[in-house]
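All remarks here apply to the structure that follows.
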Amino acid sequence: MVELKPLPHGRHGLSREEVEASQHYRLAKAMADAMAEKGYARTTVADIISRARVSRETFYTLFRSKEDCFMHAFEEAYRHVFDAAANRLAGGGQGLVRVDARELLDQVLRDYLEALAAEPQTARVFLIEVYAAGGPALARRRELMGDLVAGLAAYLGLASDEERFALEAYLAAVVQLVTTRLAADDPQGVRELHGPLVALAERMLLARA
């Protein structure tokens, strides 16, 4: 993560939108960092604004509550963790044949696992602390994961309900395996999942290629 620095005092030449974008980012990252240390339930607004170096007034100008700030941090975490995979899919082209699908899945998994391992605090927001945040966050997570399943199914050529369910089950297993390693503070263990997960995908998803 980029080191947080306060905005310059006085005239800094930034637009109001740029200032607010910076404050949103700083508060979202501060919340992720605080939760990595204390967990969602024990993290307070005071913890967040102290780490972000913004005022309480600024916090409540941008967010209604800690829960609202969490949902923003959650969306930022999702975008960070899945941007690499989404970019890989976007560059994969249409009409992939199965041999291309194997290579694509290998690359997507590598990008995904590396993003998680490189930014474990960000990953914890999406994979672990979301459970403590409650129903709306879990519902949004299901929605986002559904989008990922749909995108991967299209690019991997998985058209039937059975194939799509197999992909959904596979991704659920990936998330669980990654989550246990992040909870144990083992980012290298996250990276080492790549080979076994590719082999499992070969058997579960692409065996009929």
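Nothing in this text is a laboratory measurement; each read-out follows from the coordinates by a stated rule. Just so we're clear, the structure is a prediction, and the values are computed from it rather than from any experiment. Here the Cβ positions follow ideal geometry from the backbone for every residue, glycine too, while neighbour counts run over all protein chains shown.
Take each of the peptides 42-49, 27-34, 172-179, average the number of other beta-carbon atoms within 10 Å over its residues, and list them starting from the highest.
On the way: 42-49: 17.6, 27-34: 24.6, 172-179: 15.2.
Put in order of decreasing packing, that is 27-34, 42-49, 172-179.
Enumerate the calculated ³J(HN,Hα) couplings along the range 177-184 in order (Karplus 6.51 cos²θ - 1.76 cosθ + 1.60, θ = phi - 60°), each rounded to whole Hz, writing x wherever the residue is Gly or Pro.
For the range 177-184, the Karplus curve yields 5, 5, 4, 5, 6, 5, 5, 8 Hz.
With Kirkwood's inverse mean 1/r over C-alpha pairs for Rh, give me the Rg to Rh ratio of the range 131-178, two decimals please.
1.04
So what are the ³J(HN,Hα) numbers for the range 27-38, from phi and the Karplus equation (6.51, -1.76, 1.60; θ = phi - 60°), rounded to whole Hz, Gly and Pro as x?
Whole-Hz 3J(HN,Hα) from phi for the range 27-38: 5, 5, 5, 4, 5, 4, 5, 5, 5, 4, 8, 10.
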